[in-house]
Amino acid sequence: MARADTATTSVIDWTQCELIEQIPGKVSGRPIVRGTRILPDAIVGSYELGETIEELREGFPSLSVDQIKRLIELAHAQQEGQSTS
């Protein structure tokens, strides 16, 4: 499974997503999927590198397909908003 933090995902404001939490001292205080140590940038980056939703689900079995889709949708919506600014 390809896991990547891409330059495009690093500008996502994950605080707007109900699936994300930031806890000082947990994963260096970076945004993570609530109740996990999974970086949302890893999900989005892997998707942008060509992994399918099902491959992501297999690689991150603690996440549902709906959670994965929500993270990708939020990232793409923010990226589109930034490109039109």
Response to the item:
Within the range 21-48, residues being closer than 21 Å to residue 11 by Cβ and in contact with a Lys or Arg (Cβ under 9 Å, 6 or more places away or on another chain) number 10
Discussion item. Looking only at the range 1-16, how many residues end up being surrounded by fewer than 20 Cβ atoms within 10 Å (Cβ to Cβ) and at pLDDT 90 or above?
Written reply: 1
Response to the item:
In the range 24-36, anything exposed (fewer than 11 other Cβ atoms within 10 Å of the Cβ) and on the phi < 0 side of the Ramachandran plot is listed as 24
Discussion item. If I filter the range 66-80 down to residues being more than 12 Å from the chain's Cα centre (by Cα) and over 14 Å from residue 41 (Cβ atoms), which single residue comes out as surrounded by the most Cβ atoms within 10 Å (Cβ to Cβ)?
Written reply: 77
Worksheet entry | Members of the range 39-51 found to be out of contact with any helix residue (DSSP H, G or I) (no Cβ under 9 Å at 6 or more places or on another chain) and either under 21 Å from residue 81 (Cα atoms) or surrounded by 11 or more Cβ atoms within 10 Å (Cβ to Cβ) (or both), listed by number | 49
Discussion item. Just the residues that are part of a helix (DSSP H, G or I) and more than 19 Å from residue 21 (Cα to Cα), please, taken from the range 34-64.
Written reply: 46, 47, 48, 53, 54, 55, 56, 57, 58, 59
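The values are calculated or read from the model by the stated rules, or taken from the named source; none is laboratory data. The shown structure was predicted, so the numbers you read here are calculated from the model rather than taken from an experiment. Cβ coordinates were reconstructed from backbone atoms using ideal geometry, including for glycine residues, and neighbour counts include every protein chain displayed.
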